[in-house]
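Heads up: the structure comes next, in structure tokens.
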């Protein structure tokens, strides 16, 4: 849905045509109205990283303007695209999305990697283990 909105904002159809060669994400400033849109290179990982870091830096600067928010601003300034990815994986796991789907969504080869996104508190883990794994002596 968001990709369709993005494409429409650029003047493209909501869905790509079968032979369309427009990159998934265009460089900043490119639109479908530009002849470049069909021939330009896609936004690079480095370019996307720079955009995300800039957004976090600006958000951190605004936090610093508030009283007592400098520690939170320092933390936010360290955030990255990978931080967003980890947050999305953690949120999916917290919402009990099947871990196999989380693994596939994040492109992990191993469930061991995906299991790092589980943040179940110890009390709940012990309670659920006790409730569902009773030996009944």
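The values are calculated or read from the model by the stated rules, or taken from the named source; none is laboratory data. Everything numeric here is computed off the predicted structure, so don't read it as measured data. Cβ atoms come from the backbone with ideal geometry, glycine included; neighbour counts cover every protein chain shown.
The table below lists the values:
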| read-out | value |
| --- | --- |
| Qualifying helices (runs of 4 or more DSSP H) (wholly inside the range 63-115; at least 2 residues being surrounded by 10 or more Cβ atoms within 10 Å (Cβ to Cβ) and within 13 Å of the chain's Cα centre (by Cα)) | 81-94, 99-106 |
| Hey, residue 32 modelled with pLDDT under 80, more than 30 Å from residue 20 (Cα to Cα) and either in the same structural domain as residue 8 (by TED's automatic domain parsing) or surrounded by 12 or more Cβ atoms within 10 Å (Cβ to Cβ) (or both) or not | no |
